[in-house]
Amino acid sequence: MTKCPVSIKYQHVEQIESYYDQLSQHLFSQLQAQEEASLYLQTEDQSYLRLNNSQVRQSTYVNQKEIELVLQKNHRKISIGSNLTGHFQNDKDKLSHILNHARSECESLPPDPYLSPLQLHESTDQKFSGQLPPLEEFINDLCQHTQGSDFTGLAATGPMIRASANSLGQRHWFSTESFFVDYSLFTKNVSGENKAVKGCYANRDFSTKEFLSQLETSKLMLETMKLPTIEVPKGSHRCFLAPAAVAEIMGMFSWGAVSFDSYKKGTSAFQKIANNEVQLSPLFTLKENFQLGLCPRFNSSGEIAPSELTIIENGRMKNFLISARSAKEYSVTSNGADYNMWGGEYLRSPEILGGNLPESEALRALDTGLYISNLHYLNWSDFQNARLTGMTRYACVWVEKGQIKGPIRDLRFDESLFRAFGSELEALTLETKIDPAIDTYHRRALGGKKCPGMLIKDFRFTL
Amino acid sequence: MSTLDLPFATYFDIEKAYKSIHSLGDWMGIRFHEEIDQYRSFQNEKSKSQSIVVNSGVMIEAMINGQIAYAGTSDLTNEGILKAAHQAVQLAKSTAPHKSFLFDQRVRPSSQGKYKSPSKLSFDKMSLGEFSDLLIQTTRHLKVSDQIVSAQADAILNETLIQYINSSGANIDQKFLLTNHNFQVVAVEGGHTQRRSLNGQVARSYQSGIEIFDKENLFQLCEQTGREALELLKAENCPTGTFDLILAPDQMLLQIHESIGHPLELDRILGDERNYAGWSFIKPTDFGSLQYGSSLMNVTFDPTVSGQYASYAFDESGMPAQREYLIQEGKLLRGLGGLESQSRSNLSGVANFRSANWNRAPIDRMANLNLEPGTTPLKDMISQIEKGVLMKSNISWSIDDYRNKFQFGCEYAQMVENGKITKTLKNPNYRGVTVPFWNKLKAVGTKEEFEIFGSPYCGKGEPSQMIRVGHASPPCLFSDIEIFGGE
């Protein structure tokens with residue numbers, strides 16, 4: 001390992017923790033009677049490297065600290081978020097200014113009848129350190145060892161923090177140092193068409209050896225993609241969805257399907273399952289599982305979710321995700337879910353339990369049909385029937401008698417999950433894989449999904 | 001009493017900051033970007049969510065040996081700026097041996113100038129109490145029946161300041177006043193649900209002041225939206241078959257965005273986006289030769305339309321923004337790429353090198369992308385259809401990574417039979433392949449029917465960025481399209 005001459009140094013977690021505690025104390029000491037407040041911190045200290053054909057297209061270092069103050073007063077609630085400098089002396093006056101404005105908002109806003117008082121739960125503290133790659137070595141690994149494979153993608157490395165404190169005395173801390181290399185390799189096959197494979201190497205401790213080993217696996221798959229294209233007609237096909245493809249579908253569950261608020265308003269795609277009009281396969285069980293350790297159990301309001309919550313068990317709906325606001329609105333008990341304006345309550349650490357098909361037997365079990373490595377750009381096409389549309393992408397191949405015959409030309413599917421995860425679900429793989437969160441909108445995301453591959457008897461392709 | 005004009009503007013001396021860092025690299029740039037957003041949401045006459053986000057920071061650019069690297073920081077102290085500048089320089093040095101292209105100062109011109117959004121009534125002309133009351137009244141007008149279980153009014157008010165100075169001599173100051181409003185209902189009857197909104201969930205996006213919230217007009221539109229949701233509860237499913245299709249301007253916005261905008265982005269064509277949103281079916285040799293659509297198809301990149309969501313005077317490289325034809329009489333002429341992509345590809349482009357905020361490097365983005373008006377009024381389109389469907393307001397969207405095979409769904413549709421609208425249809429969807437689809441463009445509506453919409457949420461890039469885009473179009477008629485409904 002060469003010594004890194006680059007002096008990009010990430011800020012020590014302990015320094016930020018001390019700064020955050022000072023800010024929290026400063027804020028809470030200013031509160032007046034009848035006022036409750038919480039303070040949510042998100043920080044990142046990240047190096048982002050964007051690569052195209054093993055060359056650096058753009059590189060960006062980002063140091064950001066974001067604070068969200070929530071003030072509750074007289075049945076009103078206002079949230080004000082702001083970037084901060086990270087220096088207590090600079091930021092304390094800004095925070096006081098934000099608090100004063102929050103008070104004036106509470107005087108002008110109408111009451112919110114579904115507002116819950118802040119709660120005092122147990123405090124939590126989780127710190128995960130990692131061996132992040134020295135930047136210069138990281139750049140060399142990404143650019144030199146990948147030559148000849150048209151390596152394209154994004155690498156991100158650095159610490160991230162989420163912290164929450166409230167005026168009742170509750171405090172949560174979650175910090176982690178980690179990296180990911182999310183990449184695609186490209187080639188042209190003998191039919192003259194672009195073909196690609198997808199890979200992602202993510203962890204807390206970086207190892208050049210592990211990265212190169214994973215890269216070799218991707219390169220081997222890329223060789224398969226050089227075979228002549230197999231024309232697969234639209235229509236119904238037997239297929240195997242690899243874990244990354246299943247993870248893409250799981251992402252859609254957070255577009256309203258698992259939200260209690262959406263269910264009560266009639267816009268959940270799982271409405272018919274919850275109403276016992278439809279049942280998924282007894283093989284299918286979905287959980288929210290924070291024991292995966294990928295993200296904190298506390299939500300942005302500081303509420304704690306159960307370490308495990310079964311959403312669908314053996315094909316039947318067991319629980320929706322319920323935020324504190326939905327709990328108040330519908331007189332039920334919250335399960336510490338977070339809420340966004342687009343899909344309501346959403347999954348933060350989902351897991352689909354595995355089955356009994358060894359991954360090594362997947363092609364043999366598929367026999368003849370489509371092996372789908374990845375799916376792309378999903379959307380509900382008829383949410384009341386849990387019907388999804390989307391595209392195949394990357395290493396999708398036609399298989400005959402358990403043997404790969406060649407890559408396909410990408411197909412559009414339009415299929416109901418009531419069938420795909422219901423009557424047509426034949427088996428799930430024994431092994432499950434973690435699909436790490438690689439979202440980087442606004443800031444790098446925490447979390448991930450864990451799921452098996454799925455063998456489906458009949459899956460409908462339309463274009 | 002609080003007004004909608006928030007007291008959060010940061011004083012930042014960009015000239016002083018530039019002076020402190022300008023000598024650290026071969027070439028340096030600094031961009032200060034501050035956005036103050038208000039998210040106001042009301043449901044069924046009650047407050048649902050109220051939040052404010054103040055996002056401010058700087059992005060430093062350093063060019064070393066032809067490689068540009070970036071460092072963004074929310075630490076606006078002198079120490080923070082200097083640290084970020086050193087980090088940008090170090091990153092440029094480290095990555096320069098692996099650069100994808102040798103850039104020079106020509107990709108950062110010496111433009112100087114200012115821009116300010118058009119507005120009649122600034123945000124301080126309305127109190128927060130009055131605005132809350134307006135949105136509450138809106139939910140009341142949406143709820144035309146007890147079958148409406150959710151009547152929701154959302155508004156985003158945004159004030160943005162972007163200042164940019166660089167070693168080429170650029171000095172740019174652009175101030176934006178932006179609004180977005182979304183009024184929607186959910187109607188339920190006997191376990192059946194339908195959703196309807198004003199023009200789709202995020203379409204009503206403009207550069208404007210508070211005057212956009214014209215109470216009487218909005219109340220009328222909200223009542224119509226509520227009534228259309230009830231119509232959908234009683235409606236038949238959209239039929240399956242190959243029919244003529246009329247798309248209203250509030251669906252054309254999505255059709256333009258996904259099947260013209262993204263495939264024409266030069267950075268996609270150059271492969272930068274291949275690991276995320278995807279590549280493009282367009283090849284560099286297609287410019288000047290590909291018949292993208294029928295001869296009725298004229299598409300412009302136009303950052304000069306007053307009040308459109310993504311109008312501006314300069315992109316973030318400093319390139320002056322001007323109107324350009326991308327497609328004329330159906331022929332592909334020009335791509336959507338800023339000065340960096342133009343240098344890399346030797347193709348002509350436009351001023352569209354934009355970032356979502358201070359913490360992201362600029363990339364090629366859409367901005368305002370419009371389908372120019374034609375000469376066939378909507379009523380004449382309807383009268384010439386034997387069997388067809390008129391669809392309005394996007395609700396579902398999906399397209400492949402090369403931007404070929406798409407499937408889109410709308411909230412509301414009407415059957416057209418023998419030259420007349422005969423009934424309302426629910427769950428309308430259609431699918432197609434981009435170039436054959438646009439070559440089926442049979443009629444384009446008039447300039448009187450040209451409507452301006454936009455979206456705050458166009459996602460792209462690694463690291464990823466949400467950016468504002470504007471799209472305008474009249475209604476358009478396409479022949480022989482694969483149409484279908486729900487189950």
task = Taking the Cβ of each residue in A:T152, A:T208 as the centre, tally the other Cβ atoms inside 10 Å and list the residues starting with the fewest.
result = A:T208, A:T152
note = Relative contact order of the range B:118-242 (C-alpha contacts under 8 Å, at least 6 apart) in percent is 30
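Please give the calculated 222 nm ellipticity per residue for the protein assembly as shown, where each DSSP H segment of at least 4 residues contributes -39500 (n - 2.57) and the sum is spread over every residue; nearest 500 deg cm²/dmol?
It comes out at -6000 deg cm²/dmol, rounded to the nearest 500.
To the nearest 0.05, how large is the calculated FRET efficiency for A:S207 and B:T304 if R₀ is 51 Å and r is the Cβ-Cβ distance?
In this case the efficiency is close to 0.45.
Treat every Asp and Glu Cβ in the protein assembly as shown as -1 and every Lys and Arg Cβ as +1, leave all other atoms uncharged, and give the resulting dipole magnitude about the Cα centre to the nearest 20 debye.
The dipole of the protein assembly as shown has a size of about 860 debye.
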task = Take every residue in peptide A:409-417, count the Cβ atoms of other chains within 10 Å of its Cβ, and give the average of those counts.
result = 3
remark   = Output for the range A:143-249: trypsin sites (Lys or Arg not before Pro) sitting in coil per DSSP, at most 14 other Cβ within 10 Å, listed by number, reads A:R204, A:K226, A:K234
key: Cα gyration tensor category, rounded, prolate or oblate, for chain B with a/c compared to 1.5   = oblate
task = Please state the charge dipole magnitude for chain B, taken about the Cα centre, from unit charges on C-beta atoms (+1 on K and R, -1 on D and E), reported in debye and rounded to the nearest 20.
result = 420
message = Which one, B:P436, B:G330, B:I382, is farthest towards the positive end of the dipole of the range B:237-484 when Lys and Arg carry +1 and Asp and Glu -1 on their Cβ?
response = B:I382
key: the range A:160-191 and the range B:72-119: distance between their alpha carbon centers, rounded to Å   = 25
query = Tell me, how many Å apart are the Cα centres for the range B:404-465 and for the range B:1-70?
reply = 35
ask   = List the chymotrypsin sites (Phe, Trp or Tyr not before Pro) in the range B:1-96 that DSSP assigns to loop (not H, G, I, E or B) and whose Cβ has at most 11 other Cβ atoms within 10 Å. Which are they?
value = B:Y11
task = Work out the FRET efficiency for B:K125 and B:E45 from their Cβ-Cβ distance, taking R0 = 25 Å, and round it to the nearest 0.05.
result = 0.55
key: Rounded Å value of the spacing that divides the Cα centres of the range A:198-251 and the range A:310-365   = 25
ask   = Relative to the longest principal Cα axis of chain A, at what angle does helix A:208-224 sit, 0 to 90 degrees, rounded to 10?
value = 40
remark   = Sorted largest first, the Cα spans of the range B:14-234 on the principal axes come out in Å as 67, 39, 29
query = According to a simple spin-label model (label point 7 Å from Cα along Cα-to-Cβ), what is the distance in nm between B:S383 and B:Y457?
reply = 4.0
note = Scoring only Lys, Arg, Asp and Glu (+1, +1, -1, -1) among other residues with Cβ under 11 Å from the Cβ of B:L135 yields +1
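For A:D382, what charge total do you get from the other residues with a beta carbon under 14 Å from its beta carbon, if Lys and Arg give +1 and Asp and Glu give -1?
Summing Lys and Arg as +1 and Asp and Glu as -1 gives +3.
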request  = Compute log10 of I(q)/I(0) for the range B:227-354 with the Debye formula, placing one identical point scatterer on every Cα and leaving out solvent, at q = 0.19, 0.22 Å⁻¹, to two decimals.
outcome  = -1.12, -1.40
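Summing +1 for each Lys or Arg and -1 for each Asp or Glu, what net charge is found among the other residues whose Cβ lies under 10 Å from the Cβ of B:I60?
+1
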key: Cα shape, the protein assembly as shown, gyration tensor, a/c 1.5 rule   = rounded
request  = Could you list which residues have their amide H under 5 Å from that of B:V389, counting only those 5 or more apart in sequence or on another chain, with H placed in the peptide plane?
outcome  = B:D244, B:L245, B:I246, B:V416
remark   = To the nearest 20 debye, the range B:237-484 has a Cα-centred charge dipole, built from +1 on Lys and Arg Cβ and -1 on Asp and Glu Cβ, of 240
ask   = Which of B:E216, A:E137, B:E34 comes first, and how do the rest follow, when ranked by fewest Cβ neighbours within 10 Å?
value = B:E216, A:E137, B:E34
query = To the nearest 0.05, how large is the calculated FRET efficiency for B:S20 and A:D21 if R₀ is 30 Å and r is the Cβ-Cβ distance?
reply = 0.45
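Bear in mind these aren't lab numbers, they're just calculated from the coordinates by the rules spelled out. These figures come from a predicted structure and were not determined experimentally. Cβ: placed from backbone, ideal geometry, glycine included. Neighbour counts: every protein chain shown.
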